[in-house]
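The values are calculated or read from the model by the stated rules, or taken from the named source; none is laboratory data. Fair warning: this is a prediction, and the values are worked out from it, not measured in the lab. Here Cβ is always computed from backbone atoms with ideal geometry, including for glycine, and neighbour counts include all displayed protein chains. The protein model used for the area step is the full one, side chains on, heavy atoms only, and it has no ligands, DNA or RNA in it. Shrake-Rupley method; radii C 1.70, N 1.55, O 1.52, S 1.80 Å.
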Amino acid sequence: MWGGRFAEGPSAIMREINASIPFDKALWRQDISASKAHVAMLAHCGIVSRDDARLIEGGLDRIAGEYEINGVPEDWDLEDIHMTTESRLAELIGAAAGRLHTARSRNDQVATDFKLWTRDAIDQVDAGLAALQRALVTRAAENADSIMPGFTHLQTAQPVTLGHHLMAYYEMIRRDRSRFHDARQRLNQNPLGSAALAGTGFPIDRDMTTQALGFDAPTRNSLDAVSDRDFALDYLQAAAQCALHLSRLAEEFIIWASQPFGFVRMPDTLSTGSSIMPQKKNPDAAELVRGHAGRIIGCLTSLMVSMKGLPLAYSKDMQDDKPPVFEAANLLGLSIAAMTGMVADTTFRTDKMRQAAEMGFATATDLADWLVREADIPFREAHHITGAAVKLAESKGVALEKLSLEELKAIDNRIDEGVYPALSVEASVAARSSLGGTAPEQVRIQVATAAAELGITV
């Protein structure tokens, strides 16, 4: 490739450090597509003959078939997927292959291929996240009335419904999908035709390749086009945020599956055993999702650090842009699939959840609210009265509703027998009927809205 300029070939060290074919071979489909669009444009503009263009397109189709069956060969002397394909094309069709690289550089070629790959990855993630949302909505609909403890600081706070809890993750995933959508919209500009950094003197038609490759418009500055990796960072930032949400959901299942909680029975298909303790059923899939989040965040950090000090335009550091994106995409896909299966196939122990909700004085706020509503007591005073009631119930080892009316009146004489209906967990969740609240009627509204967004029936 460099024979006209260099008297000697690269050293073994240079050959190894310079080669990217072990990882950028993943771009082969995008490289073939972009090359076919480019040569069709060259022929249309009269820059190469239509005969040569037909030869090149036929050769590229044949190479694609070979790659599909046998994979991409790794010849480190050819460095990358671009030269690997061009070299094979020359073997197949001869000198006409050399015309393919007219009016382009590997700089705009790799930027184009990488954008196309990232766009495909976003579409795959979106489909996976939609499947996870469908699982969440389906299970939330089943459990709109299932009562469980809601936590703050991992301490029992107020009763909620399991459906409400699951729909909280639906909302997180909805935001994740919007972030990926935004990233896709921003990346969808075509770098092809920017050449090395300054554009090209050939009379090319960038709108033609833009349309052929499904981009919205050509990039507007050639220096930016070949050195931009914002699209990769956008992808990784969305992936990192999504991984955080998946990790939080995984942590819920890990906690709920532990014997002190016993809220769920994890599916056998996403659990493992112990080599020494036969009774164990470990939530390994969930733990790995939790671990993958750290690795995905690391991928984002890696590329940010690589890009932070690079002047315009292209620098070889940018060859290291793809491994973190490829790794994150693989980990994220596995994590989404694992959590989708977990949500869909886990058995929720709603009896245990309800039992736990009845412990821990989860209806204390309902007592305070009753005092405000029925006895016209300022909330801060009601909070103090309720605290005294909780302290008494705790000392006696009973739930709030098990305190006698005499005991409650001894704390504050304004309490009467009308308080007891407000202290049940059913009354507590039913009372939280404000928009977006945990009341079953509100959960069903959330589920119906989500189902309409997803185009499903639950």
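Listed highest first by mean packing, meaning other Cβ atoms within 10 Å per residue, what order do 304-316, 326-338 come in? Each step should come with its number before you reach the end.
Values: 304-316: 12.8, 326-338: 20.8.
Ranked from most to least packed, the peptides come out as 326-338, 304-316.
Which number comes out as Rg/Rh for the stretch 10-102 once both Rg and the Kirkwood Rh are worked out on C-alpha atoms?
Details: Rg = 13.7 Å, Rh = 13.6 Å.
Reported Rg/Rh (Cα atoms, Kirkwood Rh): 1.01.
To the nearest 20 debye, what charge dipole does the stretch 248-336 have about its Cα centre, counting +1 at the Cβ of each Lys and Arg and -1 at the Cβ of each Asp and Glu?
Working: 9 positive and 9 negative charges, 20 e Å.
In debye, rounded to 20, the stretch 248-336 gives about 100.
When the dipole is taken about the Cα centre of the chain, and only Lys, Arg (+1) and Asp, Glu (-1) are charged at their Cβ, what size is it in debye, to the nearest 20?
Details: 46 positive and 61 negative charges, 25 e Å.
For this selection, approximately 120 debye.
Set the Förster distance to 60 Å, then compute FRET efficiency between MET14 and TYR420 from the Cβ-Cβ distance, nearest 0.05. Intermediate values should be presented prior to the final figure.
Values: r = 82 Å, r/R0 = 1.36.
The formula returns an efficiency of 0.15 here.
Can you show me the helix-derived [θ] at 222 nm for the chain, built from DSSP H runs with n ≥ 4 at -39,500 (n - 2.57) apiece and divided by the number of residues, rounded to the nearest 500.
Details: 18 runs with 281 residues, N = 458.
Only helices count here, giving -20000 deg cm²/dmol.
What helices does the chain hold that run 27 Å or longer along their axis, going by alpha-carbon atoms, with a Kyte-Doolittle average of -0.5 or more, using DSSP H for the helix calls? Numbers along the way, then the final one.
Working: long enough: 50-70 (30 Å, -0.75); 106-142 (54 Å, -0.29); 162-187 (38 Å, -1.09); 230-257 (40 Å, 0.61); 284-307 (35 Å, 0.74); 322-345 (34 Å, 0.83).
In the chain, the long hydrophobic H runs are 106-142, 230-257, 284-307, 322-345.
Please report how far the C-alpha centroid of the stretch 276-291 lies from that of the stretch 426-447, rounded to the nearest whole angstrom.
Their Cα centres are 34 Å away from one another.
Starting from the Cα of LYS281, move 7 Å in the Cα-to-Cβ direction to define the label point; list residues of the stretch 107-140 whose amide nitrogen is under 13 Å from there.
Residues passing the 13 Å test: none.
Using a 1.4 Å probe on the protein heavy atoms, what percent of the accessible area of the chain belongs to carbon and sulfur?
Taking all protein chains in place, the chain shows 52 percent carbon and sulfur surface.
May I ask you to give the solvent-accessible area per residue for the stretch 363-458, in square angstrom, as obtained with a 1.4 angstrom probe?
On the way: 5190 Å² over 96 residues.
Value for the stretch 363-458: 54 Å² per residue.
How many angstrom lie between the Cα centre of the stretch 196-258 and the Cα centre of the stretch 98-112?
Taking the Cα centre of the stretch 98-112 as reference, the centre of the stretch 196-258 is 20 Å away.
Given the Cα-Cα distance of ASP345 and ALA452 and 0.36 nm per residue of separation, how much length would full extension add, in nm? Could you put the intermediate results ahead of the total?
Values: separation 107, 0.36 × 107 = 38.52 nm, distance 2.29 nm.
Gain in length upon complete extension: 36.2 nm.
Ranked from highest to lowest mean number of other Cβ atoms within 10 Å per residue, what is the order of the peptides 160-170, 120-130, 267-277?
Numbers: 160-170: 23.9, 120-130: 17.5, 267-277: 11.5.
Ranking, from highest mean packing down: 160-170, 120-130, 267-277.
What is the distance in Å between the Cα centres of the stretch 371-423 and the stretch 312-362?
42
Compute the distance in nm between two label points, each set 7 Å from the Cα along the Cα-to-Cβ direction, one at SER315 and one at HIS44.
Distance between label points: 3.7 nm.
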